[in-house]
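Reading through the C-alpha cells given below for one structure.
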Amino acid sequence: MLDARRGESAARREAFFRPSFASLDAYAESTRPLHERVVQALGWPLNGSPVAPPEGDVMETLVAEDALGTIYRLQIPVLGPLHCYGLYFVPKGDGPFRLVISQHGGLGKPEETAGLFDTANYNHMTRRIVERGYAVFAPQLLLTWDEEFGPKYDQQELDIAFKQVGGSMAALQIYMIQRALDVLLCRKEIEGPGAAMVGLSYGGFYTLAATACDARIRTAVSSCFINDRLKYGWQDWTWFDSANHFLDREWCALVCPRPLYLEAGRRDDLFDIATAREAGASAGEIYGKLQIADRFAFEEFDGTHEFNPGNTPLDFLVKHFPPRYQAPALVMPDFSVGSAGGGAVRLPR
C-alpha cells in the first residue's frame, strides 16, 4: 500500500506543479506556488517566523598568501550567537572580482575543497575556481564531522530536533549561506551582480536549494547529487509531503531560468548513474521547453563520487558567470526582495 502511494506521487507532483512555458516572465510567475510550498516545507528560519538578530561583527583573519592570492578565515554572524565560518580566497590581480560559493559535502571541510591538507574527492575544487579568476568563499556547513575536528556532530539528530519545532537543518544551512551573501556581496573587492555556487554531493544539494531560494545566485554547478529521491530519500533531504510537491526535478525548476550544470560520475559508488541520468534529463526538459537549452547541461564523466577533474563544470561556470561582469549577463524575469532577520531572502516572481 505504501509503495503504491509512493508510486502515485509523480502524478500528484505533476498535478500540483504546472508551470507556464509561454515566456520567462510567465514561467517565473507560475513557479511562485512551488517556491512558497518549498519554503513552507523547509520551515524556520526561512519561513518568516521570528529569528534572533545576529550577534557580533564579522571577524577576518589572514591565513596565508600563495601564488594564487590571499586566503582569509571569516566568521560571519548569522543567527543569535551562531556564526558561519569559512575560508575566503581573493585572487591576485586588480579587482573587483566576481564571487563564487564553493560548497563541501558530507564529512567535508572548506580546507579539503581547496586541498590545504587533503583534497579528498574534491579534486582541488576551490583552488581551481580561484585559478579562473574568482573570489571564492568556502563555508563550513553544519554537516557531520568526527572527533578529529571537534566534538562529534550529527546533522541527522539536529535535523530531527529542528523538525520537531517547525524548522529543518536545510532551512538553517540555506539561511547561513544567505547571510554570508549579505556580507560578501557588499565587500569592495567583489563585483556584482550576484554570485555563483558550486558544490559536491551534499554541497550539490545545497547548491540547488540555496539557488532555488535566493535569486542572487546567478549560476549553479551541482556535482554528484541529482538522482531519484524516492530511491535515495535521506532523512535531512526529506520533508513532510515533499514527494507530492517537490523532488529533484522541482528543485531544478526553481533554479530555472538561471544557468544550471549537473553532473554525475559513471562509477559513483553512492548513487546510481542510471537514475541520475533520468533525473538530469527530466530537469533538462524544463529548459528545453523554455527554449533556453543552452543554459542547462547534464554531464556524465568517467569518475566516482567526486568533483569532475576535467574542465567541463568550470567551463560552464565561466561561460554563464564570467569572472568579469559583462552586461547584460542574463535576461531574467523580475524578482522581489524581502528580509528575514537580517538575511536577505529573494523570492522569484
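Bear in mind these aren't lab numbers, they're just calculated from the coordinates by the rules spelled out. Here the structure is a predicted model, which is why all the values come from computation and not from measurement. With ideal geometry, Cβ positions are generated from the backbone for all residues, glycine too; neighbour counts draw on all protein chains shown.
Here are some notes:
- Subset of segment 247-276 (residues that are within 16 Å of the chain's Cα centre (by Cα) and assigned to a loop (DSSP other than H, G, I, E, B)): LEU247, CYS256, PRO257, ARG258, PRO259
- Filtered residues of segment 277-300 (kept if surrounded by fewer than 18 Cβ atoms within 10 Å (Cβ to Cβ) and in a strand (DSSP E or B)): GLU299, GLU300
- Criterion violated by ARG267 - all others in (1) surrounded by fewer than 18 Cβ atoms within 10 Å (Cβ to Cβ); (2) closer than 16 Å to MET197 by Cβ; (3) in contact with a Gly (Cβ under 7 Å, 6 or more places away or on another chain) satisfied: (2)
- The conditions of being surrounded by fewer than 17 Cβ atoms within 10 Å (Cβ to Cβ), of a type in the set (Asp, Glu), part of a helix (DSSP H, G or I) and free of Cβ contacts under 8 Å to residues at least 60 places away in the same chain are not met by GLU60.
- Residue check, GLU285 without any contact (Cβ under 8 Å) to a residue 24 or more places away in the chain, closer than 19 Å to ALA15 by Cα and of a type outside the set (Lys, Arg): yes
Residues checked against (1) touching a Phe, Trp or Tyr at 6+ places or on another chain (Cβ under 6 Å); (2) in contact (Cβ under 8 Å) with a residue 12 or more places away in the chain; (3) loosely packed, with under 13 Cβ neighbours inside 10 Å; (4) of a type outside the set (Gly, Ala, Ser):
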residue	(1), (2), (3), (4)
LEU2	no, no, yes, yes
ARG12	no, yes, no, yes
PHE16	no, yes, no, yes
ARG37	no, yes, no, yes
GLY43	no, yes, no, no
PRO54	no, yes, no, yes
PRO77	no, yes, no, yes
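- For segment 169-207, a residue qualifies if it is over 16 Å from the mean Cα position of the chain (by Cα), in a loop (DSSP other than H, G, I, E, B) and not hydrophobic (A, V, I, L, M, F, W, C), and the qualifying residues are ARG187, LYS188, GLU189.
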